[in-house]
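Below you'll find the structure, written out as structure tokens, and then a few comments.
The values are calculated or read from the model by the stated rules, or taken from the named source; none is laboratory data. No experiment lies behind these values; they were computed from the predicted model shown. Cβ placement follows ideal geometry from the backbone for every residue including glycine, while neighbour counts extend to all protein chains displayed.
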Amino acid sequence: MAIDQSQSTTAATDEPDRDIIMSARNVRVSFDMSRGQAWVLNDVDLDIRREEIIAVVGESGSGKSMFAAALMDAVEDPGVLTGDITYYPEDADDGESDQIGTFDSGTDDEIDVLGMTDDELQSFRWEQVSMVFQGAMNSFNPTMKLRGHFQETVQAHNAVLEDRMDHVRDLFEALHLDFDRVMSSYPHELSGGIKQRALIALSLVLEPEVLVMDEPTAALDLLMQRSIISMLQDLRDEFDLTIVFITHDLPLVGGLSDRIAVMYAFEFAEVGDTRTLLKDAAHPYTRALLRSVPSIDSDLDEMRPIEGQRPDPVNIPNGCSFHPRCPIADDRCEIEDPELVGVDDDLAAACFYPDQARDEIPYTLETEQMESDL
């Protein structure tokens with residue numbers, strides 16, 4: 001989904017904006033299948049701001065995990081990734097470098113992520129942008145104690161082990177983990193919540209600026225989910241992190257994120273300030289998604305699932321990809337593809353009729369948790 005750069009709140013400029021740490025432009029991912037070409041990212045644009053927490057939200061199969069992989073040039077074969085993904089190093093403007101491992105951005109104002117060599121990418125993915133994958137159960141070697149995982153990572157990047165372990169102690173304290181107990185344990189001796197927190201610490205061992213998290217709390221109970229959400233805010237503040245949080249659970253990120261980017265059919269339908277978006281979303285899909293959220297304060301007849309089926313990546317509808325399921329779609333929506341344009345301050349939506357969507361697709365968010373989050 002292309003951005004109208006004259007109106008969008010996330011538009012790029014000719015000069016690097018020091019508030020922007022990563023940008024994606026015209027990013028596409030496709031797979032050749034026997035029945036045709038499947039587009040699992042369809043020409044998406046997004047700027048990620050320095051030290052923000054941005055939640056990328058969407059239904060299963062909407063493309064959000066593929067977007068996370070694309071940010072790190074980690075799309076697996078036979079996927080084809082095209083477009084521009086740019087990383088802006090923190091110290092590039094003054095020529096200084098706080099280099100810990102092997103990645104060295106020099107004095108470049110920007111780094112072309114898709115133009116890196118394999119060796120550069122290996123360093124970049126841990127030392128500048130790191131990722132926490134879904135499911136800590138499969139992320140650790142069951143035959144190795146946790147200390148070995150940290151040592152192996154540090155040594156692979158030629159960092160000073162003693163310095164890194166001092167940093168890990170700080171991370172463990174922020175994550176409420178017992179350093180000695182966890183480091184001396186095998187993965188199977190730890191609970192799912194502890195392993196997930198240890199995995200977050202491992203991803204931050206080399207002090208990356210950006211942490212990408214793909215459904216990090218999906219396998220955890222509600223209490224542990226909320227606990228980790230609270231810790232992530234503390235981590236962001238203490239270690240000056242930028243966090244990209246991938247999730248299907250829109251209410252979960254109400255109190256976590258600064259901004260929300262809603263994905264539908266492999267592109268961004270709406271992007272904006274969390275409070276503004278949750279209180280009065282402008283895109284029919286976002287409003288329908290919020291209307292389907294269970295609420296203890298609302299009548300059951302006010303909850304409505306989104307009718308219809310999500311698009312097939314081999315056969316994405318012409319025009320607005322949501323029009324087959326949209327209650328306000330007209331002939332224009334079937335033909336023209338709406339751009340992501342500014343609707344309110346710090347809110348952009350890919351819809352021709354945001355005012356009509358607000359009038360005709362009501363929803364309420366009155367649960368105790370959502371109200372406390374907002």
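In the set (1) surrounded by fewer than 23 Cβ atoms within 10 Å (Cβ to Cβ); (2) modelled with pLDDT of 95 or more, Phe245 fails one condition alone, (1). Cβ-Cβ contacts under 7 Å between residues 6 or more apart (or on different chains), taken from a first residue in the range 139-168 that is without any contact (Cβ under 8 Å) to a residue 12 or more places away in the chain to a second residue that is assigned to a helix (DSSP H, G or I) and surrounded by 16 or more Cβ atoms within 10 Å (Cβ to Cβ), are listed as Leu161/Gln151; Leu161/Val154. Would you call Ser227 closer than 20 Å to Ala55 by Cβ and within 24 Å of the chain's Cα centre (by Cα)? Criteria met by Ser227. Restricting the search to the range 273-316, which residues are buried (at least 16 other Cβ atoms within 10 Å of the Cβ), farther than 15 Å from Glu59 by Cα and at pLDDT below 90? If the condition is that a residue be buried (at least 16 other Cβ atoms within 10 Å of the Cβ), farther than 15 Å from Glu59 by Cα and at pLDDT below 90, then Ser295, Ser298 are the ones that fit. Taking residues in the range 313-342 that are of a type in the set (Val, Ile, Thr), and partners anywhere that are in a helix (DSSP H, G or I) and surrounded by fewer than 17 Cβ atoms within 10 Å (Cβ to Cβ), the pairs with Cβ atoms closer than 6 Å and at least 6 places apart or on different chains are Ile328/Gln356; Ile328/Glu360. Counting only residues that are part of a strand (DSSP E or B) and not polar (S, T, N, Q), which one in the range 59-88 is surrounded by the most Cβ atoms within 10 Å (Cβ to Cβ)? If we take residues in the range 59-88 being part of a strand (DSSP E or B) and not polar (S, T, N, Q), then Tyr87 is surrounded by the most Cβ atoms within 10 Å (Cβ to Cβ).
For the range 116-149, the set of residues classified as of a type in the set (A, V, I, L, M), more than 14 Å from Leu199 (Cα to Cα) and within 20 Å of the chain's Cα centre (by Cα) consists of Leu121, Val129, listed by residue number. Of all residues in the range 180-223, those satisfying the criterion of being among the acidic types (Asp, Glu) and within 21 Å of His167 (Cα to Cα) are Asp180, Glu207, Glu209.
When Asp47 is tested against (1) of a type in the set (D, E, K, R); (2) part of a loop (DSSP other than H, G, I, E, B); (3) touching a strand residue (DSSP E or B) at 6+ places or on another chain (Cβ under 7 Å); (4) without any contact (Cβ under 8 Å) to a residue 40 or more places away in the chain, just one condition goes unmet, and that condition is (2). Within the range 228-249, the set of residues being within 14 Å of Ile200 (Cα to Cα) and not polar (S, T, N, Q) comprises Ile228, Ile229, Met231, Leu232, Asp234, Leu235, Arg236, Phe239, Leu241, Ile243, Val244, Phe245. The condition of being hydrophobic (A, V, I, L, M, F, W, C), farther than 18 Å from Pro216 by Cα and under 16 Å from the mean Cα position of the chain (by Cα) does not hold for Leu71.
Considering the conditions (1) touching a Ser or Thr at 6+ places or on another chain (Cβ under 9 Å); (2) in contact (Cβ under 8 Å) with a residue 40 or more places away in the chain, Ile194 is excluded by exactly one of them, (2).
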